[in-house]
1. Identify, please: which residue in the stretch 49-68 is more than 23 Å from residue 118 (Cα to Cα) and touching a strand residue (DSSP E or B) at 6+ places or on another chain (Cβ under 6 Å) and is, among those, surrounded by the fewest Cβ atoms within 10 Å (Cβ to Cβ)?
2. Going through the stretch 108-122 one residue at a time, which ones are farther than 17 Å from residue 73 by Cβ and in contact with a strand residue (DSSP E or B) (Cβ under 9 Å, 6 or more places away or on another chain)?
3. Select from the stretch 52-68 the residues that are in contact (Cβ under 8 Å) with a residue 24 or more places away in the chain, more than 20 Å from residue 16 (Cα to Cα) and out of contact with any Cys (no Cβ under 9 Å at 6 or more places or on another chain) and list them in ascending order.
4. In the stretch 102-113, is there at least one residue being touching an Asp or Glu at 6+ places or on another chain (Cβ under 9 Å) and free of Cβ contacts under 8 Å to residues at least 60 places away in the same chain?
5. Are there any helices (runs of 4 or more DSSP H) wholly within the stretch 90-193 with 1 or more residues that are of a type in the set (Val, Ile, Thr) and modelled with pLDDT of 85 or more, and if so which?
6. Using the structure shown, decide if residue 158 is surrounded by 14 or more Cβ atoms within 10 Å (Cβ to Cβ) and without any contact (Cβ under 8 Å) to a residue 12 or more places away in the chain.
Amino acid sequence: MIRIATIGTSMITSSLLEVLNPNPRAVFVGTCSRDAQRAEAFTQAHGGDRGFSSVEDLAASSDVDAVYIGSPNAIHYSQALACVRAGKHVLVEKPVCANQRQAAELFDEAAKHNVVALEAMRPLHDPALRQIRDALPRLGTIRRTTLRFGKYSSRYTDVLAGRRTNIFDCAMASGALMDIGVYCVEPLVALFG
C-alpha cells in the first residue's frame with residue numbers, strides 16, 4: 001500500500017484523486033495548501049484523513065510515502081526538493097521545474113535519497129508515441145517536422161477581462177510554452193533528441 005498526499009487544490013488534483021481513491025494499492029492521506037482551512041476541506045471532500053498547512057509538515061510526515069504536486073509551476077521545484085530530501089517519492093505536474101538546472105538538481109537529489117521523481121507528462125508514455133518512434137526509421141531521413149496542439153484555456157476569459165491568472169504569467173514559470181506548448185515540445189524531444 002502506497003500512502004499519497006497531494007500539494008494543491010486544483011481541478012487536476014481532484015482528477016488525480018478520482019482515479020487514485022478506487023485503487024486498492026493506494027490510499028490518500030491528505031492535501032497541503034497555503035490555506036489550512038482549504039487543505040482540510042479539500043482533504044475531507046476527497047476522503048483523506050488530514051490536511052497539511054505547510055510543505056515542511058507534509059515532508060516530515062511519517063505516514064506519507066509519495067506526494068503528487070499540482071501547485072503553481074513556479075513552486076514545483078522547491079516543494080519537490082523538500083519532499084525528496086525528506087525521502088518522499090514525487091509526481092510533479094508539468095512542467096516539473098521552471099528550467100533544466102532545477103530539474104537536474106531535483107533528479108540528482110531524488111537519486112541521492114533513493115526516491116523517484118517523475119513529471120506527470122502522460123503523452124510521453126502513450127503507446128502511440130512508441131509506435132511513432134518505431135515507425136520513424138522506415139520513413140527515411142526526417143528533415144522537418146511540425147507538431148501542433150491548440151485548445152481554448154478555461155482561464156483565457158480571465159485574461160481577456162484583464163484579470164491576472166498564474167497560467168499565463170511568465171513570472172510564475174507559466175505561459176503558453178509551459179502550459180499547452182509542452183505537449184508539442186516534450187514529444188519532439190522524445191522523438192528527435
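The values are calculated or read from the model by the stated rules, or taken from the named source; none is laboratory data. Nothing here was measured: the structure is a model prediction, and the numbers come from that model. As a convention, Cβ positions derive from the backbone with ideal geometry for all residues, glycine included, and neighbour counts pool all protein chains shown.
1. Narrowing the stretch 49-68 to residues more than 23 Å from residue 118 (Cα to Cα): 49-51, 53.
If we keep only those that are touching a strand residue (DSSP E or B) at 6+ places or on another chain (Cβ under 6 Å) too, we end up with 49-51.
Details: 49: 13, 50: 15, 51: 24.
The selected residue is 49.
2. Passing the criteria: 109, 110, 111, 115, 116.
3. 56, 60, 61
4. Scanning the stretch 102-113 turns up at least one residue that is touching an Asp or Glu at 6+ places or on another chain (Cβ under 9 Å) and free of Cβ contacts under 8 Å to residues at least 60 places away in the same chain.
5. Helices (runs of 4 or more DSSP H) meeting the threshold: 127-139, 156-160, 182-192.
6. Yes: the conditions hold for residue 158.
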